[in-house]
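Notes follow the structure.
The values are calculated or read from the model by the stated rules, or taken from the named source; none is laboratory data. None of the values given here were measured: they were computed from a predicted structure. Note that each Cβ is placed from the backbone with ideal geometry, even for glycine, and that neighbours are counted across all protein chains shown.
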Amino acid sequence: MALRFHWSLSSAGDHRRGQRARAVQSGVPDLSQHLAFCRQAEASGMDSLLTAFGFHRADPIALAAALGVLTERITFMVAVRSGVCTPTLLVQQINTLSVLTRGRVSLNIVAGHSPHEQRYYGDFLSHDERYERTDEFLTICRRFWDADGPVTFSGRHYSVEDGRVNTPFVSDARSAPEIFVGGNSAQAEALALKHADCLWRLPDAPERLEQAVAPIVDSGTEVGLLVSLIARSTTGEAVDAACALVESLAATSRTTQRDFVARSDSVAFTGTYARAATGKDAWLGPCLWNGAVPYLGAPSIALVGSAEDVASTILGYQRMGVSQFLFMGWPDIEEMSFFNEAVLPLVRAREGLGH
């Protein structure tokens, strides 16, 4: 199985977005910047682009629709939370998006990471209850995509009677969108095993990561890593760039992340932050660095090194069973271009050889 690579649109046109409190971030997208990002992703061979969910962002489905009709090849991985809309409506929206983009849509299912923000949307469930609800949500969605007649379902969180959606999912390759589930918790793993094609998780030290990946892959579900990228021509240049990034961040950035984590119940976010905040283990492996996490949040845990370093690390993850990667960078377009020109050729040349 060839490795697959994706990129997040989260900071398109604003690569320091993560250092500001979400309350002051704008939800108005710069469409020209986003479109330039999409075209670079298409030129760089990315599989898809994530449109993230949050009160501080544009609606991910509307944004994917706007960009989808202006692009040709890139798939949009739309972030979805249960509890925000009904499963029937979500299927109708995603199917419509598939019609507009000729099937270039997949789903990134997240149960939510902050009870404080969940309440903005009228959602007062606990962490575990949100996963229970998401299980029901995806069960109903799957039944619609199975297209085996009207859908009836009665559960604790959702009830649907003789449900119909007259807009089909349109794709030359699939009868339903590919589904990714994000999270490091046991509940996220269980949800992925039941419903998803791939589990997204944040990376960890190699020995811990390998133990976490093996049972998921053995059960037939893929595992992907959400990880940032700081790649340069030499190892020294990459390390210097990582250090310069941290030095450029204001002390208020650290306060912003600390306050966010204090309100979060995400196992992935809080666990990654807790390890980074001590400052004792900035390097979790030869190439895996968490030095920016206290300033930019858990998703800023990064692969740092030369093209050779990063390619070798990616292939090492592949040997553990990891088959997909969702990247972020600083700035994103420059990182994506370097990855395409210097890292990806090394990966493609070696991945089929077992190196």
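Taking region 265-278 as the range and being touching a residue at least 40 places away in the same chain (Cβ under 8 Å), out of contact with any Asp or Glu (no Cβ under 9 Å at 6 or more places or on another chain) and either part of a helix (DSSP H, G or I) or surrounded by 22 or more Cβ atoms within 10 Å (Cβ to Cβ) (or both) as the test, the residues that pass are S266, V267, A268, F269. When we screen A212, A176, A192 for residues that are within 21 Å of the chain's Cα centre (by Cα), within 19 Å of H127 (Cα to Cα) and at pLDDT 90 or above, the only hit is A192.
As a summary of the residue check, F55 satisfies the conditions (1) in a helix (DSSP H, G or I); (2) within 25 Å of F124 (Cα to Cα) except for the one numbered (1).
Have a look at S337, S323 and point out the one that is at pLDDT 95 or above, surrounded by fewer than 21 Cβ atoms within 10 Å (Cβ to Cβ) and under 18 Å from the mean Cα position of the chain (by Cα). If you could, list the steps in order and put the result at the bottom.
On the way: S337 fails: under 18 Å from the mean Cα position of the chain (by Cα).
Exactly one residue qualifies, and that residue is S323.
Taken over region 160-194, the criterion of being under 15 Å from T86 (Cβ atoms) and either among the aliphatic types (A, V, I, L, M) or surrounded by fewer than 12 Cβ atoms within 10 Å (Cβ to Cβ) (or both) is satisfied by V160, E161, D162, R164, V165. Counting only residues that are at pLDDT below 95, outside any helix (DSSP H, G or I) and surrounded by 13 or more Cβ atoms within 10 Å (Cβ to Cβ), region 229-259 holds 1 of them.
Could you please find all residues in region 87-143 being farther than 30 Å from E72 by Cα, of a type in the set (S, T, N, Q) and not in a helix (DSSP H, G or I)?
S114, S126
Among residues of region 282-310 being more than 20 Å from the chain's Cα centre (by Cα) and free of Cβ contacts under 8 Å to residues at least 24 places away in the same chain, the one that is farthest from R254 (Cα to Cα) is W283.
Between a first residue in region 68-96 that is charged (D, E, K, R) and a second residue that is in a helix (DSSP H, G or I), which pairs have beta carbons less than 7 Å apart while being 6 or more apart in sequence or on different chains? Correct list of pairs: E72/E42; R73/E42.
Within region 279-301, is there a residue that is assigned to a helix (DSSP H, G or I), of a type in the set (F, W, Y) and closer than 20 Å to F37 by Cβ? No, that holds for no residue. Without any contact (Cβ under 8 Å) to a residue 60 or more places away in the chain, within 23 Å of L49 (Cα to Cα) and acidic (D, E): does that describe E334? Yes. If you go through region 59-66 one residue at a time, do you hit one that is among the acidic types (D, E), surrounded by fewer than 19 Cβ atoms within 10 Å (Cβ to Cβ) and touching a residue at least 24 places away in the same chain (Cβ under 8 Å)? Checked against the condition, which is being among the acidic types (D, E), surrounded by fewer than 19 Cβ atoms within 10 Å (Cβ to Cβ) and touching a residue at least 24 places away in the same chain (Cβ under 8 Å), region 59-66 yields no hits at all. Looking at region 57-88, which of its residues are of a type in the set (A, V, I, L, M, F, W, C) and under 20 Å from A176 (Cα atoms)? If the condition is that a residue be of a type in the set (A, V, I, L, M, F, W, C) and under 20 Å from A176 (Cα atoms), then I61, A62, A64, A65, V69, I74, F76, M77, V78, A79, V80, C85 are the ones that fit.
If you go through region 96-128 one residue at a time, how many are at pLDDT 95 or above, farther than 16 Å from P60 by Cβ and either crowded, with 16+ Cβ neighbours inside 10 Å or in contact with a helix residue (DSSP H, G or I) (Cβ under 7 Å, 6 or more places away or on another chain) (or both)?
Taking region 96-128 and keeping what is at pLDDT 95 or above, we get 96-109.
With the extra rule that they be farther than 16 Å from P60 by Cβ, the set shrinks to 99, 102-103.
Next, from what is left, pick out any that are either crowded, with 16+ Cβ neighbours inside 10 Å or in contact with a helix residue (DSSP H, G or I) (Cβ under 7 Å, 6 or more places away or on another chain) (or both): 103.
Number satisfying all stated conditions: 1.
Can F55 be described as surrounded by fewer than 18 Cβ atoms within 10 Å (Cβ to Cβ) and under 17 Å from S11 (Cβ atoms)? Spelling it out, F55 is indeed surrounded by fewer than 18 Cβ atoms within 10 Å (Cβ to Cβ) and under 17 Å from S11 (Cβ atoms).
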